[in-house]
């Protein structure tokens, strides 16, 4: 039903009226400030995808690429390129060292903020409690208290973190097919979200198969790579369970998840009357299917190619629908992503040699932990994850030299593990930005100086921890490079090749909306793109 309605909307709305509006805006000498700012974040949208598939992108991606101000060399300039820190930077204009969101495990988990309409204890709560500082939503409200914000995503962190600590309309997806929020935001779901859930759109895909949208000749990727999907159904078609409850969970790894999220966003836009007043409102939409598909099949798969084509079409329908109900002269759109993704390590190794590996540091970590426990540190004073080593020294006196020796021994041992490029003392990475060592610069943007991080672990390009098919999280360009496109009458269309950072997104939106940030930002307004 959803697919049919989207196709019908595309047919009805893709005429000259919707497409002519941007050119009408371009012909005027000035434009009024936007009454609606729309942030589209496509989770795991690599910076090269729009160029790679450009000839086939004639919908939403194509419209933004050809009619927007596209910064083609935009990067997340921090080291742990994950979903939570990436989303937290976009509307805050600040690096993870300032937002407090340094990694997914320091994201939105909060059992003190239980989810609505979910049995207590079955699903963990969520809130922006760890987020520090303000975002564009706060700056808009400082200017006009009537400014409203709606943020939706499949992921809780994708919905929560773009708007920071603001008490906004924030909703995310449950595996049972419903959208919910937490008690941080409200005590009950609004009627419009309940009505949306009652339509059971995710369940409507039960028994359907995801097949390529175009003929096989339109794709150049192999469709039978055993490494994809862990060897389980690596090739098309990808069938959803006939059971509706199971289908609601499995639909997350198909393009249809984005269609459902966009449908919720349009319902919320109408129900909340966003963009109809004299103040500026915000609609933030984080689309997660590309991330799950990329993790499952890798960035060079036929599945990712088809996902880009389908999302391009879905975004085209979304923009046409948006411009039908809101004056395009009063809308500003920005497209970006929270991170990129690396190749499947085994495929990368074939191309690059033996420096690429799946890294296992279990043995060195066990030896480090045992040594630190011998020195009197409590177990909870030692935190070793895949990328950092933290040590809380406050309860151990006179052991600094021995602790440093243990850390140095671990760094030396870990550095010799295949796939590990470097293990740095974090305090030596802190300093002024430098173009000569982007890895060090990005690590210095990850954490504040006094944070307990002793060591930062950087793998070789395309190496990863664990058994996931393909992933992200490194300080290398394939993970940091993302699209950044501003679209609307406030911007001068064109391709801009200079190096910019995603922390520049929020200051640019602040400039066109006439608001002032409530604190010092790491980013700057990209004035070249502002009309």
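Taking the options 266, 262, 227, 240, name whichever one is touching a helix residue (DSSP H, G or I) at 6+ places or on another chain (Cβ under 8 Å) and touching a residue at least 60 places away in the same chain (Cβ under 8 Å).
Numbers: 266 fails: touching a residue at least 60 places away in the same chain (Cβ under 8 Å); 262 fails: touching a residue at least 60 places away in the same chain (Cβ under 8 Å); 240 fails: touching a residue at least 60 places away in the same chain (Cβ under 8 Å).
Checking each option against the conditions leaves just 227.
Going by the conditions given, is residue 358 in contact with a strand residue (DSSP E or B) (Cβ under 8 Å, 6 or more places away or on another chain) and either under 20 Å from residue 80 (Cα atoms) or without any contact (Cβ under 8 Å) to a residue 60 or more places away in the chain (or both)? Full working, then the answer.
Values: in contact with a strand residue (DSSP E or B) (Cβ under 8 Å, 6 or more places away or on another chain): yes; either under 20 Å from residue 80 (Cα atoms) or without any contact (Cβ under 8 Å) to a residue 60 or more places away in the chain (or both): yes.
Yes; evaluated as a whole, the condition is true for this residue.
For segment 263-353, please list each of the helices (runs of 4 or more DSSP H) lying entirely inside it that holds at least 1 residues being within 17 Å of the chain's Cα centre (by Cα).
Filter on segment 263-353 gives 289-297, 302-325.
Among the residues of segment 95-115 satisfying the criterion of being within 17 Å of the chain's Cα centre (by Cα) and not in a loop (DSSP other than H, G, I, E, B), which is nearest to residue 188 (Cα to Cα)? Please lay out each step first, then the result.
Narrowing segment 95-115 to residues within 17 Å of the chain's Cα centre (by Cα): 95-96, 99-109.
Subsequent filtering for residues that are not in a loop (DSSP other than H, G, I, E, B) retains 96, 99, 104-106, 109.
Details: 96: 32, 99: 28, 104: 27, 105: 27, 106: 26, 109: 20 Å.
Top of the filtered list is 109.
Residue 483: assigned to a loop (DSSP other than H, G, I, E, B), at pLDDT 95 or above and either touching a strand residue (DSSP E or B) at 6+ places or on another chain (Cβ under 7 Å) or more than 17 Å from residue 89 (Cα to Cα) (or both), yes or no? Let's see the steps before the verdict.
Numbers: assigned to a loop (DSSP other than H, G, I, E, B): no; at pLDDT 95 or above: yes; either touching a strand residue (DSSP E or B) at 6+ places or on another chain (Cβ under 7 Å) or more than 17 Å from residue 89 (Cα to Cα) (or both): yes.
No.
Specify which of the listed residues (427, 395, 390) is surrounded by fewer than 17 Cβ atoms within 10 Å (Cβ to Cβ), at pLDDT 95 or above, in the same structural domain as residue 367 (by TED's automatic domain parsing) and over 25 Å from residue 349 (Cα atoms). Working first, answer last.
Working: 427 fails: at pLDDT 95 or above; 395 fails: at pLDDT 95 or above.
Sole residue among the options that is surrounded by fewer than 17 Cβ atoms within 10 Å (Cβ to Cβ), at pLDDT 95 or above, in the same structural domain as residue 367 (by TED's automatic domain parsing) and over 25 Å from residue 349 (Cα atoms): 390.
Between a first residue in segment 38-56 that is at positive phi and a second residue that is part of a helix (DSSP H, G or I) and at pLDDT 95 or above, which pairs have beta carbons less than 7 Å apart while being 6 or more apart in sequence or on different chains?
Pairs that qualify, where the first residue is at positive phi and the partner is part of a helix (DSSP H, G or I) and at pLDDT 95 or above, are 44/290; 44/291; 44/294.
Quick one: is residue 178 surrounded by fewer than 20 Cβ atoms within 10 Å (Cβ to Cβ), farther than 16 Å from residue 39 by Cβ, in the same structural domain as residue 130 (by TED's automatic domain parsing) and over 19 Å from the mean Cα position of the chain (by Cα)?
no
Let me confirm something: among 394, 356, which residue is at negative phi, over 33 Å from the mean Cα position of the chain (by Cα) and part of a loop (DSSP other than H, G, I, E, B)? Outline the logic, then answer.
Numbers: 356 fails: over 33 Å from the mean Cα position of the chain (by Cα).
Within the list 394, 356, the selection yields 394.
Can you spot a residue in segment 465-480 that is assigned by TED's automatic domain parsing to the domain that holds residue 277 and in a strand (DSSP E or B)?
For segment 465-480, residues assigned by TED's automatic domain parsing to the domain that holds residue 277 and in a strand (DSSP E or B): absent.
Could you count how many residues in segment 116-131 are in contact (Cβ under 8 Å) with a residue 24 or more places away in the chain and either under 18 Å from the mean Cα position of the chain (by Cα) or farther than 27 Å from residue 472 by Cα (or both)? Give the steps one after another, and end with the answer.
In the first step, residues of segment 116-131 are kept if they are in contact (Cβ under 8 Å) with a residue 24 or more places away in the chain; the result is 116-118, 123, 125-131.
Filter once more, so that each one left must be either under 18 Å from the mean Cα position of the chain (by Cα) or farther than 27 Å from residue 472 by Cα (or both): 116-118, 126-128, 130-131.
Residues that pass the stated criteria total 8.
When segment 15-60 is examined, which residues are found to be at pLDDT below 95, buried (at least 16 other Cβ atoms within 10 Å of the Cβ) and either more than 27 Å from residue 152 (Cα to Cα) or outside the structural domain of residue 170 (by TED's automatic domain parsing) (or both)?
Selection gives 25, 31.
Within segment 434-470, how many residues are under 24 Å from the mean Cα position of the chain (by Cα) and closer than 20 Å to residue 89 by Cα? Before the answer, list the steps.
Step one: of segment 434-470, the residues under 24 Å from the mean Cα position of the chain (by Cα) are 438-448, 456-470.
Filter again for closer than 20 Å to residue 89 by Cα, leaving 438-448.
Residues flagged as under 24 Å from the mean Cα position of the chain (by Cα) and closer than 20 Å to residue 89 by Cα within segment 434-470 amount to 11.
Select from segment 464-479 the residues that are crowded, with 24+ Cβ neighbours inside 10 Å and in contact with a helix residue (DSSP H, G or I) (Cβ under 7 Å, 6 or more places away or on another chain) and write down the one among them that is nearest to residue 300 (Cα to Cα). Before you say what the answer is, go through the steps one by one.
As a first pass, look at segment 464-479 and keep what is crowded, with 24+ Cβ neighbours inside 10 Å: 464, 470, 472, 474-475, 479.
Those left that are additionally in contact with a helix residue (DSSP H, G or I) (Cβ under 7 Å, 6 or more places away or on another chain): 464, 470, 472, 475.
Numbers: 464: 17, 470: 10, 472: 14, 475: 20 Å.
Restricting to residues being crowded, with 24+ Cβ neighbours inside 10 Å and in contact with a helix residue (DSSP H, G or I) (Cβ under 7 Å, 6 or more places away or on another chain), the top hit is 470.
Listed residues 158, 230; which is part of a helix (DSSP H, G or I) and at pLDDT below 95?
Working: 158 fails: at pLDDT below 95.
After ruling out the rest, the residue left standing is 230.
Which of (1) surrounded by fewer than 16 Cβ atoms within 10 Å (Cβ to Cβ); (2) in contact (Cβ under 8 Å) with a residue 60 or more places away in the chain; (3) within 30 Å of residue 55 (Cα to Cα) does residue 277 not meet, given it meets every other one?
All conditions pass for residue 277, except number (3).
When segment 178-210 is examined, which residues are found to be more than 15 Å from residue 250 (Cα to Cα), in a loop (DSSP other than H, G, I, E, B) and touching a strand residue (DSSP E or B) at 6+ places or on another chain (Cβ under 9 Å)?
Matches in segment 178-210: 181, 183, 184, 185, 186, 189, 190.
The values are calculated or read from the model by the stated rules, or taken from the named source; none is laboratory data. Since the structure is predicted, the reported quantities are computational estimates derived from the model, not experimental observations. As a convention, Cβ positions derive from the backbone with ideal geometry for all residues, glycine included, and neighbour counts pool all protein chains shown.
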